[in-house]
Amino acid sequence: MALAALLLALAAGPGATAAQDARVARHLALARELAEEGADAEAALVIGCLAAEGALDADAAECRPASQDAGDASVAAPPAPPEGQPGAVRRMATLPARAIVAFYRKFVGPAIGARCVLEPSCSRYFLEACRRHGLLGFPMIADRFVREPPESHSDRLVRRPDGTWRHADPVSDHDWWF
Amino acid sequence: MTAAAHLRAAAIAAAAFLTAAPACLAAPSAGARVSLASSLRASGEYSLASLEYRRLAADLDPGDPSLPGLFLAAADSYLAGGEFTRMGRMIDAAEDCATAVPGESRGDISAAALYLRLRRAEGLRDWPSAAGYAEELAREAPEAATWASCKAAAFHVRSGDLASAKAAVADDPDRAAAVDGLASATRKSPRLGGILGIVPGLGYAYSGEYGNMFRSMFLNGIFGWAMFECADHDRWGLFSITAFFELTWYTGSIYGGIDAAHRYNRSLDAAAAESVEPQGRPRLVRDAALDFFSLRLEF
């Protein structure tokens, strides 16, 4: 979002034709769309290409804090809470889950390495289940531990950022009937 | 730096170079940029491929007949990368642009847009919407009618609407029989699975998951035994720990009994949907007959 404010701060260079102005405006609009989609790197690429073309005044391409851009309501507005954010009671219910996962990640995980062939991994599945359903996350993770590969390993493969492939077994496959 | 990072950096540099070349070089043609986007997509850089299509669209004036095709190409690349939210935006943009272009000079993007909407709903597992798009595609595009009808039937099966599924494949006896087979198949009751799960493992056995049954019985048995042993020896600290784990396994058995029944029913639906799924899949290709960028479905 801060990048969106930056994009608005950029101005077209002097001497550009009306057609060029319109083109630059469309590219800036695209950059803003990309920033709103959360693709800040792509937005920066669009701006970088414009700057390299000389279509933007480089002096104007200075970073300005979002709070200074009073004209952009989307920047000034407080961020909306993410969808499905758990309430206070549910957050409390996730405390034991977070403690268990933290213990596992600090002491057990490093010792045995990343062994889970499922995506999300069991620890992330547990946290997600508890975030969505509170203490019901405990029986859900118990069921996942008990399930043998034919029931756990779906045909859907997910590629992780590190390039490895895992079997998709999201929480949504097991709570859709709640 | 990994190979993927090198590739990404090279792609970004190429995109920047092609579009922001110094004045001594000629500006890259639209064809070269479409080729760049295709190459990015072929190398698995789906977001960057979509970005190149979108940047190309931003170069064009509103009302240009190539705009809908470019947005659909971006949507198709987002589909390949599993970015369904951005894909939906691109389809909307394509349809908005198509209505702004005079009818004489625009390509017919409705079939391509419907196909992409269908694939998006399929990716999101929104079976009723996917079935709706498939039926609309069957009406809109005669060459896609058979494929789309079979897809509609498969989506109806997955959403549990067997009557609509049978109606969609009424002309195909084999597929209609597969739907009939599902209707007569014995489904498992999740409620009964949960009740049987009170006896550790029995809920799994009810749905035919015998390996899970033995694991659940073993874990419940060992932790239950440890819990009672700790109580017998007045070791209440250990008792509380073992009781915590036993409670987790026990409630897991009940939950697992319910979920196993749902899994069983889902696998029945999936098998039936597989048997009515059409062979092959159309693909979106550039319409070479037009002098602007447009996409069409090819079977």
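Read-outs throughout are calculated quantities, based only on the coordinates presented, and are distinct from any laboratory measurement. Not measured: the values here are computed from a predicted model. Virtual Cβ from ideal backbone geometry, glycine too; neighbours counted across all protein chains shown.
Taking the number of Cβ atoms within 10 Å of each Cβ as an exposure proxy, the fewest-first ranking of A:ARG132, B:ARG296, B:ARG139 is B:ARG139, A:ARG132, B:ARG296. The lysines whose alpha-carbon is closer than 28 Å to the alpha-carbon of B:LYS188, local same-chain residues fewer than 8 away aside, are B:LYS151, B:LYS166. Considering only B:HIS262, B:HIS156, B:HIS233, the Gaussian network model of chain B with Cα springs below 10 Å gives its largest mean-square fluctuation to B:HIS233. Sorting the segments B:264-271, B:195-202 by their residues' average number of neighbouring beta-carbon atoms within 10 angstrom, most packed first, yields B:195-202, B:264-271. Only DSSP H runs of four or more residues enter the estimate; each adds -39500 (n - 2.57), and after division by the residues of chain B the mean residue ellipticity at 222 nm equals -23500 deg cm²/dmol.
Normalised by the number of residues in the range B:190-276, the mean separation of alpha-carbon contacts (under 8 Å, six or more apart) gives a relative contact order of 42 percent. Taking amide H atoms as placed 1.01 Å from N in the peptide plane, the amide H of A:GLU148 lies under 5 Å from those of B:ASN212, each 5 or more residues away in sequence or on another chain.
Label 7 Å along Cα→Cβ of B:GLU274; the range A:155-178 residues with amide nitrogen under 18 Å? Output list for this probe position: A:155-158, A:167-169.
Label sites at B:PHE214 and A:ALA18, each approximated as a point 7 angstrom past Cα along Cα to Cβ, lie 8.1 nm apart.
Taking 2.2 N^0.38 Å as the expected size of a compact globular protein, what ratio does the Cα radius of gyration of the range B:190-276 give against it, to two decimals? My calculation over the Cα atoms of the range B:190-276 gives 1.35. If R₀ is 51 angstrom, what is the calculated FRET efficiency for the pair A:ALA168 and B:HIS233, using the beta carbon separation as r and rounding to 0.05? That pair, A:ALA168 with B:HIS233, gives E of 0.70. Spin-label model, B:VAL199/B:SER267: points 7 Å from Cα along the beta carbon direction are separated by 2.2 nm. The orientation-averaged projection of the convex hull spanning the C-alpha atoms of chain B amounts to 23.1 square nanometres.
Here chain B is assigned +1 on the Cβ of each Lys and Arg and -1 on the Cβ of each Asp and Glu. Its dipole about the Cα centre then comes out at about 500 debye. Of the complete DSSP H runs in chain B, those spanning 27 angstrom or more by Cα along the long axis with a mean Kyte-Doolittle score not below 0.0 are B:210-232, B:236-276.
The order of B:THR242, A:THR164, B:THR146, B:THR186, going from fewest to most other C-beta atoms within 10 Å of their C-beta, is B:THR186, A:THR164, B:THR146, B:THR242. Counting only other chain Cβ atoms within 10 Å of each residue's Cβ, the peptide B:249-255 averages 6.
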